[in-house]
Amino acid sequence: MSKARLTLMFREYCSLCQAMLLELESRPDRAEFQLDVVDVDEDAELEARYDELVPVLLGGDAELCHYHMDHAALDAYLASIR
């Protein structure tokens, strides 16, 4: 079974971003997904797209949640690709 790939659109100075990253890293099922953390401030296009929405958690190209962790949405996404 291959791991699910999640992308967290992130800002270093954002407290909501830090909180979502901590929640993702501390999930009991952490071994089931690969997490890519992308700092939107390092890419003008991403900064324009995600600016005030961060943190944004993507599963593939689909937005799973932003601002706050939606564990139900993440659980459903992980279940759909198992």
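The values are calculated or read from the model by the stated rules, or taken from the named source; none is laboratory data. For clarity, every value in this text was computed on a predicted model and none was experimentally measured. Please note: Cβ atoms are built from the backbone with ideal geometry, for glycine as well, and neighbour counts cover all protein chains shown. The accessibility values were calculated without ligands, DNA or RNA, using every heavy atom of the protein model including side chains. Shrake-Rupley method; radii C 1.70, N 1.55, O 1.52, S 1.80 Å.
In this structure, Ala48 qualifies as more than 13 Å from the chain's Cα centre (by Cα), loosely packed, with under 12 Cβ neighbours inside 10 Å, under 22 Å from Cys14 (Cα atoms) and not charged (D, E, K, R).
Return a yes/no flag: does region 28-37 have any residue that is open to solvent by 30 Å² or more (accessible area, probe 1.4 Å), touching a residue at least 40 places away in the same chain (Cβ under 8 Å), closer than 20 Å to Ile81 by Cβ and not aromatic (Phe, Trp, Tyr). Within region 28-37, one or more residues are open to solvent by 30 Å² or more (accessible area, probe 1.4 Å), touching a residue at least 40 places away in the same chain (Cβ under 8 Å), closer than 20 Å to Ile81 by Cβ and not aromatic (Phe, Trp, Tyr).
Just give me the residues in region 51-62 being open to solvent by 30 Å² or more (accessible area, probe 1.4 Å) and touching a strand residue (DSSP E or B) at 6+ places or on another chain (Cβ under 6 Å), in sequence order. Selection gives Leu53 alone. Among residues of region 9-18 being in a helix (DSSP H, G or I) and either free of Cβ contacts under 8 Å to residues at least 40 places away in the same chain or touching a Leu at 6+ places or on another chain (Cβ under 8 Å) (or both), the one that is nearest to Glu63 (Cα to Cα) is Cys17. With the structure loaded, tell me whether Leu35 is over 17 Å from Ala73 (Cα atoms) and of a type in the set (A, V, I, L, M, F, W, C) or whether it fails that test. Taking the combined requirement at face value, the residue does not satisfy it.
Of all residues in region 58-82, those that are closer than 15 Å to Leu21 by Cβ have Cβ atoms under 6 Å from Cβ atoms of residues that are of a type outside the set (Val, Ile, Thr) and open to solvent by 50 Å² or more (accessible area, probe 1.4 Å), 6 or more apart or on another chain, in His66/Leu53; Tyr67/Leu16; Met69/Glu23.
Every condition in (1) exposed (fewer than 13 other Cβ atoms within 10 Å of the Cβ); (2) modelled with pLDDT under 95 holds for Glu42 except the one numbered (2). Looking only at residues of region 11-21 that are farther than 13 Å from Met69 by Cα and in contact with a strand residue (DSSP E or B) (Cβ under 8 Å, 6 or more places away or on another chain), we find that the one that is least open to solvent (accessible area, probe 1.4 Å) is Arg11. Arg11 meets all of the listed conditions (1) at pLDDT 95 or above; (2) under 19 Å from Arg82 (Cα atoms); (3) of a type in the set (Lys, Arg) but one, namely (2).
Just one residue in the set Leu57, Leu6 is modelled with pLDDT of 95 or more, hydrophobic (A, V, I, L, M, F, W, C), in a strand (DSSP E or B) and touching a Gly at 6+ places or on another chain (Cβ under 8 Å); that residue is Leu6.
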